[in-house]
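Peer 1: Below you will find the structure I want to go over with you.
Nothing in this text is a laboratory measurement; each read-out follows from the coordinates by a stated rule. Quantities reported herein were computed from a predicted structural model and do not represent experimental measurements. Every residue, glycine as well, gets a Cβ built from its backbone with ideal geometry; the counts of neighbours run over all protein chains shown.
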Amino acid sequence: MGRGLSGWRFVGASVRGTSHDRSGTPCQDAHQARTVGEGPDGPVLVLACADGAGTAERGQDGALIACARMLELAAELVEAGHGVRQLDDGMLPFWIDRAAESIAVQAAAARRRPRDYACTLLVAVIDGYGAAYAQVGDGAIVIGDGDGYTPVFWPQSGEYANTTFFVTDPPERRSICSDVRASPPMEAALFTDGVQSLALRFADRAAHAPFFGIFFPALRAQPAGEAHSLRAELDAFLSSDAVNQRTDDDKTLVIATRFPHADAGEPATS
């Protein structure tokens, strides 16, 4: 086992925003959180989330396809006997290209344009050696080491106000941030743009540490693996009046920790 990766606990949730409730449209966010097998440096954990563009008729499908493709490609990496050690800064952008291709195939089968499936995408692949991160669009990946939380990248903004980049953008216009680090984080959180106003401080481009203190104490107390028992609490928080007063968008949050067992804390709603 690689440096305690077998002790990862993780959970994620996607909830529909109140603006989608009013318009009768579905939640266009998607997420995945799963271990995909044992690599040379221990279990490989994959965290991903995506947000379908509000102007894309099949944005929800695009988000689902993009997240599922990240799991498939990570599983193929493990099946080939590799892990994060074999990745470089160009590999996850290549994976995102493959996700775009999968979306294009689905679009062609439905006689639609790929941009009808436009979505953002954030992904983290972690094992005992280190972690690989990639992002297209807004939202953020935040990691912690016990002394605070730090965004890996900052949410991407497009040329105009309230615009960003999407997996389905033409390759020459697709903006991909990627980074491979030779050390796994102790904790990680991925979230779509519906959560970023709660989790980030835009004035100084930093993580808002109290936000993460709501969730991680309870997660640390769970047994290794997916924390199914916390899913309802995470759903309830993201759907709460306190959160909906701050944002009417869809909201996705995926969190993971490998800190030693701690006493559970109760998620708050303010």
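Peer 1: Report the FRET efficiency, 1/(1 + (r/R0)^6), for residue 113 and residue 231, where r is their Cβ-Cβ distance and R0 is 25 Å, rounded to 0.05. Spell out each step's value before the answer.
Peer 2: Details: r = 35 Å, r/R0 = 1.38.
The value I calculate is 0.15.
Peer 1: Can you tell me the equivalent ellipsoid semi-axes for the chain? Use √(5λ) from the Cα gyration tensor, largest first, whole Å.
Peer 2: Result for the chain: semi-axes of 26, 24, 16 Å.
Peer 1: Kindly write out, for region 176-186 in residue order, the coupling ³J(HN,Hα) from the Karplus curve 6.51 cos²θ - 1.76 cosθ + 1.60 (θ = phi - 60°), rounded to whole Hz, with x marking Gly and Pro.
Peer 2: After applying 6.51 cos²θ - 1.76 cosθ + 1.60, I find 10, 9, 8, 7, 10, 10, 8, 6, x, x, 7 Hz.
Peer 1: Placing +1 on the Cβ of each Lys and Arg and -1 on the Cβ of each Asp and Glu in region 5-257, which of 92, 114, 155 has its Cα farthest towards the positive end of the resulting dipole?
Peer 2: 114
Peer 1: Which of the listed residues, 185, 239, 70, is farthest toward the dipole's positive end in region 5-257, when Lys, Arg count +1 and Asp, Glu count -1 at the beta-carbon?
Peer 2: Value: 239.
Peer 1: Taking amide H positions as placed in the peptide plane 1.01 Å from N, state which residues far from residue 253 in sequence (5 or more) or on other chains have amide H under 5 Å from it.
Peer 2: Counting only residues 5 or more places away or on other chains, the set is 13.
Peer 1: Separate question: Quick one: work out Rg over Rh on the C-alpha atoms of region 116-178, Rh as Kirkwood radius. Don't skip to the answer; put the middle values down first.
Peer 2: Values: Rg = 13.3 Å, Rh = 12.9 Å.
Result for region 116-178 is an Rg/Rh of 1.04.
Peer 1: Counting only DSSP beta bridges with both residues in region 5-257, what percent are antiparallel, rounded to the nearest 5? Display every interim value, and only then the final one.
Peer 2: Numbers: 48 of 50 bridges.
Here the antiparallel bridges make up roughly 95 percent for region 5-257.
Peer 1: Moving to a separate point now. Subtracting the Cα-Cα distance from 0.36 nm times the residue separation, let me have the gained length for residue 241 to residue 57 in nm, one decimal. Walk me through the numbers before you get to the answer.
Peer 2: Working: separation 184, 0.36 × 184 = 66.24 nm, distance 2.76 nm.
Gain in length upon complete extension: 63.5 nm.
Peer 1: Using DSSP to define loop residues, name the trypsin sites (Lys or Arg not before Pro) in region 111-152 whose beta-carbon has at most 10 other beta-carbon atoms within 10 Å.
Peer 2: Passing sites in region 111-152 are 111.
Peer 1: Now, a different point. Hey, what do the phi angles of region 15-25 turn into as Karplus ³J(HN,Hα) couplings, whole Hz, using 6.51/-1.76/1.60 and θ = phi - 60°, x for Gly and Pro?
Peer 2: These are the phi-based 3J(HN,Hα) values: 10, 6, x, 5, 5, 6, 4, 5, 8, x, 9 Hz.
Peer 1: Search the structure for amide H atoms under 5 Å from the amide H of residue 152, placed 1.01 Å from N in the peptide plane, and list their residues when 5 or more places away or on another chain.
Peer 2: Here the answer is 141, 142, 143, since their amide H atoms fall under 5 Å of that of residue 152.
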